[in-house]
1. Could you tell me which residue of region A:189-219 is nearest to the other protein chains (Cβ to nearest Cβ), considering only residues that are open to solvent by 80 Å² or more (accessible area, probe 1.4 Å) and more than 20 Å from A:GLY141 (Cα to Cα)?
2. So B:ASP148 clears everything in (1) within 11 Å of chain A (Cβ to nearest Cβ); (2) under 27 Å from A:GLU209 (Cα atoms); (3) out of contact with any helix residue (DSSP H, G or I) (no Cβ under 6 Å at 6 or more places or on another chain); (4) open to solvent by 30 Å² or more (accessible area, probe 1.4 Å) except one condition, right? Which one?
3. Within region A:104-122, count every residue that is away from chain B (no Cβ under 14 Å) and out of contact with any helix residue (DSSP H, G or I) (no Cβ under 8 Å at 6 or more places or on another chain).
4. How about region B:187-258: which helices (runs of 4 or more DSSP H) wholly inside it have at least 3 residues that are among the charged types (D, E, K, R)?
5. Identify, please: which residue in region A:124-137 is open to solvent by 10 Å² or more (accessible area, probe 1.4 Å) and not basic (Lys, Arg) and is, among those, farthest from the other protein chains (Cβ to nearest Cβ)?
6. For B:ASN114, state whether it is at the interface with chain A (Cβ under 8 Å from one of its Cβ atoms), within 24 Å of A:LEU140 (Cβ to Cβ), in contact with a helix residue (DSSP H, G or I) (Cβ under 6 Å, 6 or more places away or on another chain) and touching a residue at least 12 places away in the same chain (Cβ under 8 Å).
7. Applying the selection to region B:151-166, what residues are open to solvent by less than 10 Å² (accessible area, probe 1.4 Å) and either among the small types (Gly, Ala, Ser) or at pLDDT below 95 (or both)?
8. Inside region B:77-100, can you point out the residues that are assigned to a loop (DSSP other than H, G, I, E, B) and more than 9 Å from chain A (Cβ to nearest Cβ)?
Amino acid sequence: MELSIIFKYAPMLLQGLQLTIIISIGGIICSLALGSVLVALSRSGIRAVVILVRVYTEIILGIPVLVLLYLIYFVLPEVGIRFSEIPTGLLTLTLYYSPYMAEIIRGAINAIPTGQVEAARTVGMSNFQIAKRIMVPQALGLAIPPLTGICIGLVKDSALLSIISVHELAYQTKQAVARTFAPFELWAFVAFCYWAILSFWEVSMRKVEKRVTRYREIG
Amino acid sequence: MKNDNEAIRAEGIVKRFGDLTVLRGVSLAVKRGEVVCIMGPSGSGKSTLLRCLNWLSPPTEGTVWLAGEVLGTQETPNGTRVPLPDSKLRRQRSRIGMVFQSFNLWPHRTAIGNVMEGPMIVSGITKSEARRLATEILTRVGLTEKADVYPAKLSGGQQQRVAIARALAMQPEIILFDEPTSALDPELVGEVLDVMKSLATQEITMIVVTHEVGFAKDAADRILFMDEGLIVEEGSPSEFLENPKEERSRQFLERYLN
């Protein structure tokens, strides 16, 4: 066990960590955005659109994320659609995670009793005001726990992008191991990094959730 | 159809849900300051009628006038009726208050927050003005000390009084009550009815769907009795409660008076 290896390769690993964080945040933002669009489309009432969203969701739910990555990276170029590595990674995570995000958002919205919306209508509020002031604040509290779980999955899956040579944390670690032949120190350290960041994030989100749902406390 | 003394008028209201006809041509007119109770067995269309009167559930046929103004639709230059643009419908709705059986408070807002929401967001008054108005109204329903409490910590009776305050805050021309005490524990019914009785004496126009015979007797100017989607009898509380003309009213009252 040689800790000096970790120090020596720290700059390289940190670079990887930086990209992991950027891709993760990008993936979360894009898949949340696309997820919201999917919810809006599936509530549009236009039959063809609703069916299209349904089909897309079913396809994604039935494909492993790694296979989706290969499809985008190796198969799409065959039909003339080519992305470089980082956009491929972002696209994969976005396409793969958006239906899950959509499901969570849909569930949170549906959990708000219609009576509350009717009460808002009788006061004279517009659909936008109802969404902003009545639905979103409550849906947020309901959606945070499952969203946290799904986001953690996304961050972990970003390590798969090392396969297509995205220079994120797992890729950088692989490179470092190839040069040092010290897999134990490096992989143990990197595992610890993932764990520490995700645990910190989970705890923080639990605090946020508690904050936005304070109104539910009875005692 | 302009009648200065009229708060709301409905003519020929029919409401169908698919094959089911819930209202079969209901007409009524309520004067300003009048308190009208609607009674009748469950499924007779009472709640549906209220929801037609504020366009939460637009009637299939018929017309509603709010202070002489047609509700929910407008006439095009070539004479056909089309739905009113949402912004105008919202303005009309804000003039009709509603109190629901299940309170429907917004749980993420405090008592005073629920009352302030409409004046602030819809009427556009400042937050401090809204707070002053809401404090005054919460006092009227006897909940000054609960202003900053979330609904989860209020009893059913207190929640319904907040809901009444929320409706009052918009200074509506009429308030519709949809079985306001039916979801309450028996010992909490009184406090809500007391608030409603005090509103009745303050010249607030009210249409109240209720099974509370005592309230109807004390507070109503008129009782409408509905059955199977029609108003089958109408009269002053003493006429209706003591001497109902229709067999169906008699049967209904026998069940509720005992």
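1. A:TRP195
2. Unmet for B:ASP148, out of (1) within 11 Å of chain A (Cβ to nearest Cβ); (2) under 27 Å from A:GLU209 (Cα atoms); (3) out of contact with any helix residue (DSSP H, G or I) (no Cβ under 6 Å at 6 or more places or on another chain); (4) open to solvent by 30 Å² or more (accessible area, probe 1.4 Å): (1).
3. So the answer is 1.
4. Counting at least 3 such residues, we get B:247-257.
5. Step by step, filter region A:124-137, then rank; the result is A:ALA131.
6. So B:ASN114 does not fit the description; no.
7. Hits for region B:151-166 are B:GLY157, B:ALA163, B:ALA165.
8. B:PRO77, B:ASN78, B:GLY79, B:THR80, B:LEU84, B:PRO85
The values are calculated or read from the model by the stated rules, or taken from the named source; none is laboratory data. Please read these numbers as outputs of a predicted model, since none were measured by experiment. When we count neighbours, we look across all protein chains shown, and the Cβ atoms used for this are built from the backbone with ideal geometry, even at glycine. What goes into the accessible areas is simple: the full protein's heavy atoms, side chains included, and nothing from ligands, DNA or RNA. Shrake-Rupley method; radii C 1.70, N 1.55, O 1.52, S 1.80 Å.
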